[in-house]
């Protein structure tokens, strides 16, 4: 197991802050990178046209070689009309790490490799993992059961075990990781890095409304609902936000039968039904990202130093 050269010596904690729809924007990414972890955001969060380039310019101006590198998430799917445009900007500004989702394309990997960037592809099973590496991805993000957003169904033990049977390259683990101890556990299982999203929603820099942040603090694993109703892809969502949108989380329709006009008032599924992972029970307060990462570092060091073989 090895980390890419671009990450070696650049991280104070083996962690990637996962790119989250709407939530992850430059303020959060900069705070994460300055605290010593990889900060990431989806290119599609940058709207309207021209905003993505402005964000890349801002990150280039504010981050230095003393900070951890940042990552951009590209949705590699035929429905993403902006893929070619955003990929070209990643090449122009030499984005150090690109995280690809919903498909793996050789031409995307080749474009990122042209300037020395690396590509990590997120996968939910071993079959997709093999396809991603065959098409030229440098590393993998194993999205196991319990992850926020579009989560897989496999135990992290099973998923990491199967991937590590044939792949010795960079590997991050996603799925209910919310403490420094769980980052240490991910490494013990064979991952190089943890991949954490939901806890960063409850930070001062996250682009989330206060009610969303507080719901993360107030909820636990029992408040997570796994459904494909809201996007057509299976994912984890906060039960109280589903109820607030006028739906019964225990009697959700099939995805094909979902009537988005039936949501309460002016509620929108993409905006008001909130994603979260099963690790939220560990989140006790809304705080600055730097303070939270400092807490993670202390927990991680305690876990590592306290381990007895």
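Nothing in this text is a laboratory measurement; each read-out follows from the coordinates by a stated rule. In this text the structure is predicted, and so the values were computed from the model without any measurement. Using ideal geometry, Cβ is built from the backbone for each residue, glycine included, and neighbour counts are taken over all protein chains shown.
Here are some notes:
- Two-site FRET efficiency, residue 188 against residue 226, from Cβ-Cβ distance with R₀ of 22 Å, rounded to 0.05: 0.25
- Extension gain for residue 5-residue 94 works out to 30.5 nm (0.36 nm per residue, less the C-alpha to C-alpha distance).
- Whether region 220-272 is rounded, prolate or oblate, judged on the alpha carbon gyration tensor where a/c under 1.5 counts as rounded: oblate
- Antiparallel DSSP beta bridges within region 154-309, as percent of all bridges there, nearest 5: 55
- Here the simple spin-label model places points 7 Å from the Cα toward Cβ, and for residue 53 and residue 254 these points are separated by 4.6 nm.
- Within the chain, percent of DSSP bridges classed antiparallel, to nearest 5: 15
- Potential lengthening between residue 158 and residue 77 on full extension [0.36 nm per residue; Cα-Cα distance subtracted]: 26.5 nm
- Residues 114, 43, arranged from fewest to most other Cβ atoms within 10 angstrom of their Cβ, appear as 114, 43.
- Mean-position separation - Cα centroids, region 96-154 and region 266-309, in angstrom: 23
- Taking other C-beta atoms within 10 angstrom as a stand-in for reagent exposure, 284, 297 fall in the order 284, 297, fewest first.
- Taking the chain as a Gaussian network of alpha-carbon nodes connected by springs under 10 Å, the highest mean-square fluctuation of the residues 68, 186, 211 belongs to 211.
- Computed label-point distance, nm, for sites residue 305 and residue 261 using a 7 Å Cα→Cβ extension: 6.2
- Sequence-separation-based contact order of the chain, relative, with Cα cut under 8 Å and 6+ spacing, percent: 17
- The structure shown yields Cα Rg over 2.2 N^0.38 Å, and of the options (1) 1.27; (2) 0.95; (3) 1.06 that calculated value carries the label (2).
- Order of 55, 270 - criterion: other Cβ atoms within 10 Å of each residue's Cβ, fewest first: 270, 55
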